[in-house]
Amino acid sequence: MGSNMAKNLIKKEYTLTLYDVQSASTAKFEKLGATVVTTPAEVASCSDRIITMLPASQHVKTAFTGSDGILKGIKEGAIAIDCSTIDPDVSKEIAVLTKEKGASFLDAPVSGGVGAATGGTLTFMVGGTKSEFDIIQPLLMEMGSKVVLCGGVGSGGAAKICNNMLLAISMVGTAETMNLGIRMGLDPALLASIINSSSGRCWSSEIYNPVPGLLPNVPASNNYEGGFGTSLMTKDLGLAQNAATQTTTPTPLGSLANQLYRMMCLRGLSDKDFAIVFKFLQETDSRT
(Lines give C-alpha, C1' and ligand atoms only; values in the text may rest on other atoms or scores of the structure.)
Protein backbone atom coordinates (compact mmCIF):
# COMPACT_ATOMS: atom_id res chain seq x y z
CA MET A 1 0.00 0.00 0.00
CA GLY A 2 2.62 2.51 1.09
CA SER A 3 4.78 1.73 -1.91
CA ASN A 4 2.00 2.51 -4.37
CA MET A 5 1.06 5.67 -2.49
CA ALA A 6 4.68 6.84 -2.68
CA LYS A 7 4.80 6.12 -6.41
CA ASN A 8 1.79 8.37 -6.98
CA LEU A 9 3.45 11.21 -5.09
CA ILE A 10 6.63 10.81 -7.13
CA LYS A 11 4.60 10.85 -10.35
CA LYS A 12 3.21 14.19 -9.23
CA GLU A 13 6.72 15.51 -8.64
CA TYR A 14 6.81 15.51 -4.86
CA THR A 15 10.24 15.24 -3.27
CA LEU A 16 10.29 12.20 -0.98
CA THR A 17 12.56 11.01 1.80
CA LEU A 18 11.87 7.35 2.58
CA TYR A 19 12.59 4.71 5.19
CA ASP A 20 11.55 1.08 5.44
CA VAL A 21 12.84 -1.73 7.65
CA GLN A 22 13.23 -3.75 4.45
CA SER A 23 15.83 -1.99 2.33
CA ALA A 24 14.69 -3.86 -0.78
CA SER A 25 11.40 -1.98 -0.58
CA THR A 26 13.08 1.40 -0.90
CA ALA A 27 15.90 0.60 -3.35
CA LYS A 28 13.64 1.01 -6.39
CA PHE A 29 12.64 4.49 -5.24
CA GLU A 30 16.20 5.77 -5.35
CA LYS A 31 16.10 5.17 -9.10
CA LEU A 32 12.97 7.33 -9.22
CA GLY A 33 14.71 10.22 -7.48
CA ALA A 34 13.70 9.70 -3.86
CA THR A 35 16.15 9.98 -0.97
CA VAL A 36 16.45 6.86 1.18
CA VAL A 37 17.61 7.18 4.80
CA THR A 38 18.36 4.70 7.56
CA THR A 39 16.00 5.71 10.39
CA PRO A 40 12.52 7.20 10.89
CA ALA A 41 14.17 10.05 12.82
CA GLU A 42 16.10 11.04 9.69
CA VAL A 43 12.89 11.15 7.68
CA ALA A 44 11.30 13.41 10.29
CA SER A 45 14.30 15.73 10.55
CA CYS A 46 14.02 16.79 6.91
CA SER A 47 10.25 16.61 6.36
CA ASP A 48 7.34 18.96 6.96
CA ARG A 49 4.80 16.22 6.22
CA ILE A 50 5.42 12.65 7.41
CA ILE A 51 3.27 9.76 6.18
CA THR A 52 3.40 6.33 7.81
CA MET A 53 1.76 3.11 6.64
CA LEU A 54 2.41 0.15 8.93
CA PRO A 55 0.76 -3.21 9.76
CA ALA A 56 -0.27 -2.82 13.40
CA SER A 57 -0.28 -0.67 16.54
CA GLN A 58 3.05 -1.94 17.86
CA HIS A 59 4.81 -1.03 14.60
CA VAL A 60 3.43 2.51 14.71
CA LYS A 61 4.50 2.90 18.34
CA THR A 62 8.04 1.80 17.48
CA ALA A 63 8.20 4.05 14.42
CA PHE A 64 7.28 7.10 16.52
CA THR A 65 8.69 6.41 19.98
CA GLY A 66 11.64 4.10 19.29
CA SER A 67 15.26 5.09 19.93
CA ASP A 68 15.54 6.29 16.32
CA GLY A 69 11.85 7.09 15.97
CA ILE A 70 10.05 9.95 14.33
CA LEU A 71 9.66 11.89 17.59
CA LYS A 72 13.45 12.02 17.93
CA GLY A 73 13.73 14.10 14.78
CA ILE A 74 10.36 15.72 14.14
CA LYS A 75 10.43 19.45 13.42
CA GLU A 76 8.28 22.00 15.14
CA GLY A 77 5.20 22.68 13.01
CA ALA A 78 5.47 19.40 11.11
CA ILE A 79 2.39 17.24 10.56
CA ALA A 80 2.55 13.46 10.89
CA ILE A 81 -0.15 11.49 9.06
CA ASP A 82 -0.53 7.85 10.01
CA CYS A 83 -2.39 5.83 7.38
CA SER A 84 -2.16 2.55 9.29
CA THR A 85 -5.22 0.81 10.72
CA ILE A 86 -4.51 0.65 14.45
CA ASP A 87 -6.13 0.96 17.85
CA PRO A 88 -7.63 4.50 18.05
CA ASP A 89 -6.32 4.81 21.60
CA VAL A 90 -2.77 4.34 20.31
CA SER A 91 -3.35 7.15 17.81
CA LYS A 92 -4.50 9.39 20.64
CA GLU A 93 -1.41 8.54 22.72
CA ILE A 94 0.95 9.34 19.87
CA ALA A 95 -0.93 12.58 19.13
CA VAL A 96 -0.24 13.75 22.69
CA LEU A 97 3.47 12.90 22.43
CA THR A 98 3.71 14.61 19.04
CA LYS A 99 2.07 17.75 20.35
CA GLU A 100 4.69 17.90 23.10
CA LYS A 101 7.27 18.25 20.32
CA GLY A 102 5.41 21.20 18.81
CA ALA A 103 4.13 19.13 15.90
CA SER A 104 0.79 17.56 14.95
CA PHE A 105 -0.46 14.01 14.43
CA LEU A 106 -3.52 12.86 12.51
CA ASP A 107 -4.75 9.33 11.86
CA ALA A 108 -5.83 8.76 8.26
CA PRO A 109 -6.39 5.07 7.48
CA VAL A 110 -7.39 4.20 3.94
CA SER A 111 -9.89 2.04 2.13
CA GLY A 112 -9.85 0.66 -1.40
CA GLY A 113 -7.06 -1.87 -1.32
CA VAL A 114 -3.96 -2.22 -3.47
CA GLY A 115 -5.88 -1.42 -6.65
CA ALA A 116 -7.01 1.95 -5.31
CA ALA A 117 -3.53 2.66 -3.94
CA THR A 118 -2.09 2.01 -7.39
CA GLY A 119 -4.72 4.02 -9.20
CA GLY A 120 -4.69 6.90 -6.73
CA THR A 121 -8.35 6.43 -5.79
CA LEU A 122 -8.08 5.65 -2.08
CA THR A 123 -10.57 6.89 0.49
CA PHE A 124 -8.89 8.53 3.49
CA MET A 125 -10.72 8.58 6.83
CA VAL A 126 -9.06 11.35 8.82
CA GLY A 127 -9.03 12.06 12.55
CA GLY A 128 -7.76 15.47 13.64
CA THR A 129 -8.68 19.14 13.85
CA LYS A 130 -10.44 20.94 11.02
CA SER A 131 -7.52 23.33 10.54
CA GLU A 132 -5.00 20.49 10.23
CA PHE A 133 -7.35 18.58 7.95
CA ASP A 134 -7.58 21.57 5.60
CA ILE A 135 -3.78 21.65 5.40
CA ILE A 136 -3.27 17.97 4.54
CA GLN A 137 -6.34 17.38 2.38
CA PRO A 138 -4.68 18.49 -0.89
CA LEU A 139 -1.74 16.15 -0.22
CA LEU A 140 -4.00 13.18 0.47
CA MET A 141 -6.03 13.93 -2.66
CA GLU A 142 -2.86 13.31 -4.66
CA MET A 143 -3.20 9.67 -3.58
CA GLY A 144 -6.95 9.33 -3.30
CA SER A 145 -10.33 10.33 -4.64
CA LYS A 146 -12.06 11.01 -1.32
CA VAL A 147 -10.77 12.51 1.94
CA VAL A 148 -13.21 12.66 4.85
CA LEU A 149 -12.80 14.33 8.24
CA CYS A 150 -14.38 11.93 10.75
CA GLY A 151 -13.74 13.88 13.95
CA GLY A 152 -10.87 14.15 16.41
CA VAL A 153 -7.74 12.01 16.46
CA GLY A 154 -8.71 8.34 16.55
CA SER A 155 -12.01 8.80 14.72
CA GLY A 156 -10.43 7.91 11.38
CA GLY A 157 -9.35 4.59 12.83
CA ALA A 158 -12.78 4.07 14.37
CA ALA A 159 -14.44 4.54 10.98
CA LYS A 160 -11.97 2.19 9.30
CA ILE A 161 -12.45 -0.52 11.93
CA CYS A 162 -16.24 -0.37 11.46
CA ASN A 163 -15.85 -0.51 7.68
CA ASN A 164 -13.55 -3.51 7.79
CA MET A 165 -15.77 -5.42 10.20
CA LEU A 166 -18.63 -5.02 7.74
CA LEU A 167 -16.33 -5.96 4.84
CA ALA A 168 -15.33 -9.20 6.56
CA ILE A 169 -18.95 -10.08 7.37
CA SER A 170 -19.92 -9.31 3.77
CA MET A 171 -17.10 -11.42 2.35
CA VAL A 172 -17.97 -14.37 4.58
CA GLY A 173 -21.60 -14.09 3.50
CA THR A 174 -20.64 -13.91 -0.17
CA ALA A 175 -18.32 -16.90 0.18
CA GLU A 176 -20.97 -18.95 2.00
CA THR A 177 -23.58 -18.06 -0.62
CA MET A 178 -21.37 -18.89 -3.60
CA ASN A 179 -20.24 -22.16 -2.01
CA LEU A 180 -23.84 -23.17 -1.26
CA GLY A 181 -25.00 -22.33 -4.77
CA ILE A 182 -22.17 -24.31 -6.37
CA ARG A 183 -22.92 -27.33 -4.16
CA MET A 184 -26.57 -27.05 -5.25
CA GLY A 185 -25.46 -27.27 -8.87
CA LEU A 186 -25.64 -23.63 -9.90
CA ASP A 187 -23.14 -22.14 -12.31
CA PRO A 188 -21.08 -19.66 -10.25
CA ALA A 189 -21.02 -17.03 -13.00
CA LEU A 190 -24.79 -17.24 -13.35
CA LEU A 191 -25.31 -17.04 -9.59
CA ALA A 192 -22.99 -14.05 -9.30
CA SER A 193 -24.81 -12.23 -12.11
CA ILE A 194 -28.15 -12.79 -10.37
CA ILE A 195 -26.82 -11.60 -7.01
CA ASN A 196 -25.22 -8.54 -8.58
CA SER A 197 -28.53 -7.45 -10.10
CA SER A 198 -30.62 -8.34 -7.05
CA SER A 199 -31.00 -7.37 -3.41
CA GLY A 200 -27.93 -9.40 -2.39
CA ARG A 201 -25.65 -7.14 -4.41
CA CYS A 202 -22.53 -6.01 -2.54
CA TRP A 203 -18.90 -5.03 -3.13
CA SER A 204 -17.64 -8.48 -2.10
CA SER A 205 -19.71 -10.10 -4.84
CA GLU A 206 -19.66 -7.52 -7.61
CA ILE A 207 -16.16 -6.04 -7.39
CA TYR A 208 -14.10 -8.58 -5.41
CA ASN A 209 -15.84 -11.92 -5.91
CA PRO A 210 -14.01 -14.66 -3.98
CA VAL A 211 -14.65 -17.42 -6.54
CA PRO A 212 -11.58 -18.02 -8.73
CA GLY A 213 -12.02 -17.13 -12.39
CA LEU A 214 -15.20 -15.06 -12.09
CA LEU A 215 -13.47 -11.69 -12.23
CA PRO A 216 -10.14 -10.69 -13.78
CA ASN A 217 -7.53 -8.80 -11.80
CA VAL A 218 -8.73 -9.84 -8.35
CA PRO A 219 -6.74 -11.97 -5.91
CA ALA A 220 -9.20 -14.88 -6.17
CA SER A 221 -8.16 -15.28 -9.80
CA ASN A 222 -4.48 -15.17 -8.87
CA ASN A 223 -4.36 -17.93 -6.26
CA TYR A 224 -5.41 -15.34 -3.67
CA GLU A 225 -2.05 -13.58 -3.97
CA GLY A 226 -1.76 -9.83 -3.37
CA GLY A 227 -4.69 -7.81 -2.12
CA PHE A 228 -5.53 -7.53 1.58
CA GLY A 229 -4.00 -10.25 3.70
CA THR A 230 -5.99 -12.57 5.94
CA SER A 231 -3.66 -11.71 8.83
CA LEU A 232 -4.43 -8.00 8.42
CA MET A 233 -8.17 -8.62 8.28
CA THR A 234 -7.86 -10.74 11.41
CA LYS A 235 -6.01 -7.89 13.12
CA ASP A 236 -8.72 -5.41 12.15
CA LEU A 237 -11.47 -7.72 13.36
CA GLY A 238 -9.62 -8.02 16.66
CA LEU A 239 -9.56 -4.22 16.93
CA ALA A 240 -13.30 -4.16 16.26
CA GLN A 241 -13.91 -6.70 19.00
CA ASN A 242 -11.77 -4.72 21.44
CA ALA A 243 -13.81 -1.63 20.63
CA ALA A 244 -17.05 -3.56 21.02
CA THR A 245 -15.94 -4.70 24.46
CA GLN A 246 -14.93 -1.19 25.51
CA THR A 247 -18.23 0.29 24.37
CA THR A 248 -20.39 -2.70 25.44
CA THR A 249 -21.66 -3.00 21.87
CA PRO A 250 -23.12 -6.33 20.69
CA THR A 251 -21.40 -7.47 17.48
CA PRO A 252 -22.31 -11.16 17.11
CA LEU A 253 -21.53 -11.38 13.40
CA GLY A 254 -18.29 -9.45 13.85
CA SER A 255 -17.29 -11.88 16.58
CA LEU A 256 -18.04 -14.90 14.40
CA ALA A 257 -16.09 -13.39 11.50
CA ASN A 258 -13.16 -12.78 13.83
CA GLN A 259 -13.17 -16.39 14.99
CA LEU A 260 -13.38 -17.65 11.40
CA TYR A 261 -10.44 -15.54 10.23
CA ARG A 262 -8.38 -16.57 13.25
CA MET A 263 -9.03 -20.20 12.31
CA MET A 264 -7.86 -19.45 8.77
CA CYS A 265 -4.62 -18.00 10.10
CA LEU A 266 -4.06 -21.16 12.14
CA ARG A 267 -4.56 -23.17 8.93
CA GLY A 268 -1.65 -21.38 7.26
CA LEU A 269 -3.65 -18.86 5.23
CA SER A 270 -2.33 -15.69 6.90
CA ASP A 271 -0.52 -14.39 3.84
CA LYS A 272 -3.33 -15.06 1.38
CA ASP A 273 -5.93 -12.44 0.46
CA PHE A 274 -8.90 -12.39 2.83
CA ALA A 275 -11.23 -13.59 0.04
CA ILE A 276 -9.68 -17.03 0.52
CA VAL A 277 -12.46 -17.59 3.04
CA PHE A 278 -14.33 -19.03 0.02
CA LYS A 279 -11.71 -21.72 -0.50
CA PHE A 280 -11.58 -22.37 3.25
CA LEU A 281 -15.33 -22.98 3.35
CA GLN A 282 -15.33 -24.88 0.06
CA GLU A 283 -12.78 -27.34 1.38
CA THR A 284 -14.56 -27.76 4.71
CA ASP A 285 -16.65 -30.91 4.54
CA SER A 286 -20.28 -30.12 5.37
CA ARG A 287 -20.33 -33.00 7.84
CA THR A 288 -17.62 -31.47 10.11
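Summary table below
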quantity: Residue satisfying all of: in the stretch 34-67; open to solvent by less than 60 Å² (accessible area, probe 1.4 Å) and of a type in the set (Gly, Ala, Ser); nearest to GLU93 (Cα to Cα) among these; calculated: SER57
quantity: Condition broken by THR248, with the remaining ones in (1) in contact with an Asp or Glu (Cβ under 9 Å, 6 or more places away or on another chain); (2) open to solvent by 90 Å² or more (accessible area, probe 1.4 Å) satisfied; calculated: (1)
quantity: Complete set of residues in the stretch 100-119 that are within 19 Å of the chain's Cα centre (by Cα) and either aromatic (Phe, Trp, Tyr) or modelled with pLDDT of 95 or more (or both); calculated: PHE105, LEU106, ASP107, ALA108, PRO109, VAL110
quantity: Extreme residue, farthest from GLY181 (Cα to Cα), among residues of the stretch 195-208 that are assigned to a loop (DSSP other than H, G, I, E, B) and free of Cβ contacts under 8 Å to residues at least 40 places away in the same chain; calculated: ILE207
quantity: From TYR14, TYR19, residue being farther than 25 Å from LEU239 by Cα, open to solvent by 60 Å² or more (accessible area, probe 1.4 Å), more than 20 Å from the chain's Cα centre (by Cα) and of a type in the set (Phe, Trp, Tyr); calculated: TYR14
quantity: Criterion violated by ALA220 - all others in (1) in contact with a Pro (Cβ under 7 Å, 6 or more places away or on another chain); (2) surrounded by fewer than 19 Cβ atoms within 10 Å (Cβ to Cβ) satisfied; calculated: (2)
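The values are calculated or read from the model by the stated rules, or taken from the named source; none is laboratory data. All values derive from a computational prediction rather than experimental measurement. Cβ sites come from the backbone with ideal geometry, for glycine too, and all protein chains shown count toward neighbours. These area figures cover heavy atoms from the full protein model, side chains too; ligands, DNA and RNA do not enter into them. Shrake-Rupley method; radii C 1.70, N 1.55, O 1.52, S 1.80 Å.
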